[in-house]
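Q: One structure, as structure tokens, below. Some questions next.
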Amino acid sequence: MPMYTVVQGDCLSAIAHKFGFADWRTIYNHGNNAEFRRLRPNPNLIYPGDELFIPDTENRTESAPTDTFTNFKIEGQKTFVRVRMLDGDFAVLNGKKFRIETDGVAKEGTLGGDGMIEQEIGAAAAESRITVWLDGDTTRPGVIWDMQLGHLDPVDKPTGIQARLKNLGYDPGPIDGVIGPLTTAAIKGFQAKTHLVEDGIAGPITQAKLKEVHDGA
């Protein structure tokens with residue numbers, strides 16, 4: 001099999017599904033992907049431009065009687081979307097009603113103490129919509145977030161900085177990789193909130209804080 005270059009919107013589950021594997025770990029743990037694992041020790045965080053070796057699929061034979069019905073079950077690794085909800089001070093939201101919808105499947109609940117929303121999704125899912133009712137009244141419109149799954153670039157890329165700022169409630173303008181006046185103002189706003197030097201430059205210290213607050217790492 002050839003090398004595969006990760007593109008925007010990819011995740012390991014989607015890549016495995018594309019190449020006929022039930023479990024993404026078959027690709028991730030392959031010996032030829034040792035360098036990829038070193039580069040991306042968290043398999044949930046892969047980025048456009050990353051290269052993966054795709055092994056050949058293997059045929060497997062199972063015996064079964066011919067005079068009766070036999071059920072075969074393929075075990076695969078489940079795929080989830082997980083989102084942590086924060087307020088304007090980056091404190092965890094809890095006790096709020098929420099709804100998440102992906103590929104027409106909806107799940108409703110109440111945010112717990114960790115502020116996490118989790119939903120099992122298909123490997124090829126591309127978008128999710130989250131609604132949170134901050135006032136608890138689900139008969140009225142809530143706050144809505146539309147998410148493109150697998151579209152977050154690394155924090156050291158301008159588009160990754162812009163996307164994280166936008167997700168945290170700042171307006172960087174279009175996610176276009178251009179650090180213009182709007183993005184600079186958004187960086188300054190984030191720096192002020194997190195007690196960093198307000199220079200409007202997303203250097204290593206600001207990037208680390210963005211990753212800590214947004215990614216939880």
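The values are calculated or read from the model by the stated rules, or taken from the named source; none is laboratory data. Nothing here was measured: the structure is a model prediction, and the numbers come from that model. Don't worry about glycine lacking a Cβ; one is built from the backbone with ideal geometry, like all the others, and counts go over all protein chains shown.
Q: Go through region 28-48 and give me each residue that's surrounded by fewer than 16 Cβ atoms within 10 Å (Cβ to Cβ) and not in a loop (DSSP other than H, G, I, E, B).
A: Those that are surrounded by fewer than 16 Cβ atoms within 10 Å (Cβ to Cβ) and not in a loop (DSSP other than H, G, I, E, B): 31, 32, 34, 35, 37, 38, 39.
Q: With the requirement that a residue be of a type in the set (Val, Ile, Thr), under 19 Å from residue 159 (Cβ atoms) and modelled with pLDDT of 95 or more, what does region 179-217 give you? It would help to see each step written out before you state the result.
A: Of region 179-217, the ones of a type in the set (Val, Ile, Thr) are 179, 183-184, 187, 194, 197, 201, 205-206, 213.
Among the residues that remain, those that are also under 19 Å from residue 159 (Cβ atoms) are: 179, 183-184, 187, 201, 206, 213.
179, 183, 184, 187, 201, 206, listed by residue number.
Q: From (1) under 25 Å from residue 155 (Cα atoms); (2) assigned to a loop (DSSP other than H, G, I, E, B); (3) touching a residue at least 12 places away in the same chain (Cβ under 8 Å), pick out the condition that doesn't hold for residue 22.
A: Just one mismatch for residue 22, condition (1).
Table: residues versus (1) assigned by TED's automatic domain parsing to the domain that holds residue 121; (2) of a type in the set (Val, Ile, Thr); (3) buried (at least 16 other Cβ atoms within 10 Å of the Cβ).
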position	(1), (2), (3)
143	yes, yes, no
162	no, no, yes
174	no, no, no
180	no, no, no
195	no, no, no
198	no, no, no
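Q: Related question: Does residue 84 satisfy being surrounded by 10 or more Cβ atoms within 10 Å (Cβ to Cβ) and not assigned by TED's automatic domain parsing to the domain that holds residue 177? Steps first, please.
A: Numbers: surrounded by 10 or more Cβ atoms within 10 Å (Cβ to Cβ): yes; not assigned by TED's automatic domain parsing to the domain that holds residue 177: yes.
When the stated conditions are applied, residue 84 passes them.
Q: Here's something else I'd like to know. Would you be able to tell me the number of residues in region 99-142 that are under 15 Å from residue 87 (Cβ atoms), without any contact (Cβ under 8 Å) to a residue 24 or more places away in the chain and in a strand (DSSP E or B)?
A: Residues in region 99-142 being under 15 Å from residue 87 (Cβ atoms), without any contact (Cβ under 8 Å) to a residue 24 or more places away in the chain and in a strand (DSSP E or B): 0 in total.
Q: Checking the structure you have, find out if any residue of region 15-25 is exposed (fewer than 13 other Cβ atoms within 10 Å of the Cβ) and under 30 Å from residue 186 (Cα atoms).
A: Within region 15-25 (the criterion being exposed (fewer than 13 other Cβ atoms within 10 Å of the Cβ) and under 30 Å from residue 186 (Cα atoms)), the answer is no, since none of the residues qualifies.
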